[in-house]
Amino acid sequence: MSDKKLPESAEVVIIGGGIEGCSIAYHLAKRGVTDVVVLERKQLTCGTTWHAAGLVSQLWPTPTLTALAKYSHELYASLEAETGQATGYRKTGSISLARTSERLEELQRTSSMAAVFGVESEFIDNDRLEELYPGISTDGIIGAMYIENDGQTNPIDTTIALAKGARKMGAKVIEDCKVNEIISENGTAVGVKTAMGDIKADKVVLAAGLWSRDLAAPLGIDLPLYACEHFYVVTDEMPELTKRPVLRDFDKGIYFKEDVGKMLIGWFEMDAIGCPMSKIPEDFCFDQFDVDMDHIEPYLIGGMETFPEFGEAGIRTFFNGPESFTNDNLHLMGPTPEVDHFYVACGMNSKGIGGGGGLGKIMADWIIDGHPSGDVWECDVRRSHPVQRTQSYVESRIPEALGHSYDMHWPFYQYHTARDLMLSPLHETLKQQGACFGEVGGYERSNWFARDGAEAKYEYSYKRQNWFEFYQQEHLAVRESLGLFDMSSFAKFEVSGPDAQSALQYISVADMNVEVGKVVYTQWLDERGGINADLSIVKVDDNRFWVVTSIGSFNRDWWHLKKHLRGDVTLTDISQQYACLSLQGPNARKALAKITDTDVSAEGFAFGVGRFAKFAGIECWLQRLSYAGELGWEIFVAAENAVAVFKAIQQAGAEYDICNAGLHALNSLRLEKGFRHWGHDIGAEDNLIQAGLGFVAKPDAGDFIGREAFIAQKAAGLPASRIVQFLLTDPEPLLYHNEPIIMDGEAVGYLTSGMYGHSLGGAIGMGFVNCPGLTAEKLNEAQFEIEIARKRFSAKASLQAFYDPKAERMKV
């Protein structure tokens, strides 16, 4: 079915003929973009797609992945009728086993989340389990989840069907055409060099699986991608084996798939074997590696324990082949910031078949429209910090991430590998004082502090974890007296030059024409009015500004600045030059007054203002802000002086029982105040009106990106979806995120954030409620519940913060 001649040019060139590349081509053609060329180095599917298990599950751990999988399921069911190519797709159902109460709760929580997207599931007892899966051993199984509409497909045939559909609509698919280089000019991808010659392109899409990292590297793009060996076995024919659901025994890391009278048994091992590209032959095509029997033996034994008939069957195939994984088990999707008109779709993490249809559609929409057709930030290629894209990092972290595929997805889980790469200047000092660190964006942050001789180590649970009481003390100390946070992980960018103010005004929705020292809270929009960033900018001098944002948004916000700053400006990353301490609580002013040479009275230091001042003789930048909702200041100090200032603050605050506080406490404090978190609560698919942030934008101050869209959104009145705060009336249950929001008995959204509100006496969360014309009155009249692990709990709902809704405490 391969086209033979390489055209001179195409609107879109796709590198890679696996399921992702063919799905993108199919969906581009579906939308009328038919000048598309797919280039495959050998034969379609010959890299990773061909040896995939072909599982099409609808129930995945996150809303984004669940939505992709649900669409794939619907697409694969219709492809054969459309293209005439059999796909092998059939509904088989799936069963997920739980051997512990925590695993059962995880399945129940995921089931609740997926129901918001129309994915139906039920929990069955062991009698029903034995009916659905004859021969299973139910020893140790305490529960099981059954999804009747899950399925499986033949990966090769499904990919061929997508390619055939794309070709019918005008796309070209060329095999035996290896891409050697991506051509870029002036920071823009303009084509590729191949073994058959060069081809020009308006846009280039990299969907080359294992080979993607090496192909992108010459462009200065380091994709956090690494291959690992992936194993399964296939039995001889088992005469008594009936058709049955896919079975996942998560606690043993094993899955089972009946396939034409044979059984395929695969696994995700905790000690995965990394596979450097040097191990993959140049002419790799439908190849496989030798199998390390000692490595796989525990999983074979586990399979026999779960399904004893497996132990009596002969094994026809011992398979070991490479698959590419990412550092967080999520796809890499979207346009690269480093090179324009260059997109990636790789890092499928053994979910390529299940998510391939949905991923192809979103990528096609992104390429055509300039934005994705859904919230995909968790899979956006821009999400990783540069330190997370180094070779040493991916080789260390990614094998662990593979093992996490079937492991428990605990709240607040921390990886063990590739740690201590970026440290606060206060790291050792905080460690000595009991800090337990968590990593975000490669940066080690103090999440909570162990006390009373306890070990600073997570003990995971869906219930109250071992640090719950410690972080409660931190939270209440900030509310009642004084807490000190290390916020040195902030990304800090300096924008300077004669045009700095006008350049930032063009990017920012708030008025940037302010006095020196003013701290401006603002968002950055795209042309649709979608929120691309939520951050603060302080004018430290006439032509010098500091942009302060979260470490998780470092890469995205850095490139947003680089793309959009105009005129005579200089952009500098000063993140590592300064530490940042945040002193928060009713006694913050009294403590600061002891050690600073500046007036910190209410009259002498207004909220939202900053200035240079000395602390114990050390010059710092001091600004009055609070993400906790209390009287407080942020202190930026040169990294080399951070410990001295930290100790001076602790000494000054001793009489007020100053308390070290971590990021978990800050999260619960900000949720009580209803403060949004970009990437969790708001993102590019949300606008300011929906997010309740319309007050920030000042369209009369000047032009900014997204201004016209914002004006139109504001003029349209109440949106169809609004962000709402929730407080459970029962003090016992815990919220994390993704729990369904139930309004008058119907699911109307899900929580984007959740934590425990220690000042409010119950778990709190926020999320978008999909209800046109939602007013405060309508909210009060409705009955709200939050669903946790398939149980519903009564909740109060509010468009305002539950704690200090008038923000009086911050501004005293």
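The values are calculated or read from the model by the stated rules, or taken from the named source; none is laboratory data. If you're wondering where the values come from, they're calculated on a predicted model, not measured in any experiment. Don't worry about glycine lacking a Cβ; one is built from the backbone with ideal geometry, like all the others, and counts go over all protein chains shown. Heavy atoms of the whole protein, side chains included, go into the accessibility calculation; ligands, DNA and RNA do not. Shrake-Rupley method; radii C 1.70, N 1.55, O 1.52, S 1.80 Å.
Any residue in region 16-29 that is farther than 26 Å from Asn320 by Cβ, touching a Phe, Trp or Tyr at 6+ places or on another chain (Cβ under 9 Å) and among the hydroxyl-bearing types (Ser, Thr, Tyr)? No, there is no match, as no residue in region 16-29 is farther than 26 Å from Asn320 by Cβ, touching a Phe, Trp or Tyr at 6+ places or on another chain (Cβ under 9 Å) and among the hydroxyl-bearing types (Ser, Thr, Tyr).
Here's the yes/no breakdown for (1) within 29 Å of Gln577 (Cα to Cα); (2) part of a helix (DSSP H, G or I); (3) touching a Phe, Trp or Tyr at 6+ places or on another chain (Cβ under 8 Å):
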| position | (1), (2), (3) |
| --- | --- |
| Lys463 | no, no, no |
| Glu469 | no, yes, no |
| Ser488 | yes, no, yes |
| Glu494 | yes, no, yes |
| Ala510 | yes, no, yes |
| Asn513 | yes, no, no |
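Restricting attention to region 701-749, and to residues there that are buried (at least 22 other Cβ atoms within 10 Å of the Cβ) and aromatic (Phe, Trp, Tyr), which single residue is farthest from Phe117 (Cα to Cα)? Filtering region 701-749 for residues that are buried (at least 22 other Cβ atoms within 10 Å of the Cβ) and aromatic (Phe, Trp, Tyr), the one farthest from Phe117 (Cα to Cα) comes out as Phe704.
All conditions but one from (1) in contact with a Lys or Arg (Cβ under 7 Å, 6 or more places away or on another chain); (2) of a type outside the set (Gly, Ala, Ser); (3) part of a strand (DSSP E or B) apply to Val344; the one that does not is (1).
Scanning region 408-438 for residues that are open to solvent by 50 Å² or more (accessible area, probe 1.4 Å) and either of a type in the set (Asp, Glu) or part of a helix (DSSP H, G or I) (or both) gives Asp420, Glu428, Lys431, Gln432.
Residue-wise test of (1) hydrophobic (A, V, I, L, M, F, W, C); (2) farther than 24 Å from Glu323 by Cβ; (3) free of Cβ contacts under 8 Å to residues at least 24 places away in the same chain.
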{"site": "His371", "(1), (2), (3)": "no, yes, no"}
{"site": "Gly374", "(1), (2), (3)": "no, yes, no"}
{"site": "Arg383", "(1), (2), (3)": "no, no, no"}
{"site": "Pro386", "(1), (2), (3)": "no, yes, no"}
{"site": "Arg389", "(1), (2), (3)": "no, no, no"}
{"site": "Tyr393", "(1), (2), (3)": "no, no, no"}
{"site": "Pro399", "(1), (2), (3)": "no, no, no"}
{"site": "Met408", "(1), (2), (3)": "yes, no, no"}
{"site": "Phe412", "(1), (2), (3)": "yes, yes, no"}
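Residues of region 656-700 that are at positive phi and crowded, with 22+ Cβ neighbours inside 10 Å: Gly674 alone. Selection of region 158-175 for residues being within 15 Å of Ile199 (Cα to Cα) and either in a helix (DSSP H, G or I) or open to solvent by 40 Å² or more (accessible area, probe 1.4 Å) (or both) yields Lys172, Glu175.
Scan Glu282, Glu237, Glu181 and give me the residue that is modelled with pLDDT under 95 and of a type outside the set (Phe, Trp, Tyr). Step through it out loud before you land on a result.
Details: Glu237 fails: modelled with pLDDT under 95; Glu181 fails: modelled with pLDDT under 95.
Going through Glu282, Glu237, Glu181 in turn, the sole match is Glu282.
Selection of region 94-136 for residues being farther than 15 Å from Phe307 by Cα, of a type in the set (Ser, Thr, Tyr) and crowded, with 16+ Cβ neighbours inside 10 Å yields Ser94, Thr110, Ser111, Ser112, Ser121. The requirement of being acidic (Asp, Glu) and either over 30 Å from Glu82 (Cβ atoms) or surrounded by 18 or more Cβ atoms within 10 Å (Cβ to Cβ) (or both) is satisfied by Asp139.
Checking each residue in region 37-55 for being within 30 Å of the chain's Cα centre (by Cα) and part of a strand (DSSP E or B) picks out Val38, Leu39, Leu55.
Which one is farthest from Gln576 (Cα to Cα) among residues in region 367-380 that are assigned to a helix (DSSP H, G or I) and open to solvent by less than 10 Å² (accessible area, probe 1.4 Å)?
Of all residues in region 367-380, those assigned to a helix (DSSP H, G or I) come to 367-369, 377-379.
Still in the list and also open to solvent by less than 10 Å² (accessible area, probe 1.4 Å): 367, 379.
Values: Ile367: 35, Cys379: 27 Å.
Among those residues, the one meeting the criterion is Ile367.
Here Ala500 clears all of (1) under 25 Å from Leu669 (Cβ atoms); (2) surrounded by 19 or more Cβ atoms within 10 Å (Cβ to Cβ) except the condition numbered (1). Only a single criterion out of (1) hydrophobic (A, V, I, L, M, F, W, C); (2) in contact with a strand residue (DSSP E or B) (Cβ under 6 Å, 6 or more places away or on another chain); (3) assigned to a loop (DSSP other than H, G, I, E, B); (4) free of Cβ contacts under 8 Å to residues at least 60 places away in the same chain is not satisfied by Ile705, namely (4).
Here is a yes/no grid of residues against (1) closer than 28 Å to Leu734 by Cβ; (2) in a helix (DSSP H, G or I):
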position: Glu634; (1), (2): no, no
position: Gln650; (1), (2): no, yes
position: Gly674; (1), (2): yes, no
position: His680; (1), (2): yes, no
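Residue count for region 634-663 under the criterion of being within 30 Å of the chain's Cα centre (by Cα) and farther than 13 Å from Ala477 by Cβ: the result is 5.
Within region 5-50, restricting attention to residues that are under 25 Å from Asp287 (Cβ atoms) and basic (Lys, Arg), the residue that is most open to solvent (accessible area, probe 1.4 Å) is Lys42.
For Leu107, indicate whether it is at pLDDT 95 or above and not in a loop (DSSP other than H, G, I, E, B). Working first, answer last.
Values: at pLDDT 95 or above: yes; not in a loop (DSSP other than H, G, I, E, B): yes.
So Leu107 passes the test.
The strands (runs of 3 or more DSSP E) found entirely in region 191-308 that carry 3 or more residues being buried (at least 19 other Cβ atoms within 10 Å of the Cβ) and in contact with a helix residue (DSSP H, G or I) (Cβ under 7 Å, 6 or more places away or on another chain) are 197-206, 225-235, 262-267. Residues in region 548-574 that are in contact with a helix residue (DSSP H, G or I) (Cβ under 7 Å, 6 or more places away or on another chain), open to solvent by less than 20 Å² (accessible area, probe 1.4 Å) and either assigned to a strand (DSSP E or B) or β-branched (Val, Ile, Thr) (or both): Thr549 alone.
Of all residues being aliphatic (A, V, I, L, M) and within 33 Å of the chain's Cα centre (by Cα) in region 610-633, which is farthest from His677 (Cα to Cα)? Just the residue, please.
Step one: list which residues in region 610-633 are aliphatic (A, V, I, L, M), which gives 613, 616, 618, 622, 625, 628, 631.
Remaining after also requiring within 33 Å of the chain's Cα centre (by Cα): 622, 625, 628, 631.
Numbers: Leu622: 23, Leu625: 16, Ala628: 12, Leu631: 20 Å.
So the residue we want is Leu622.
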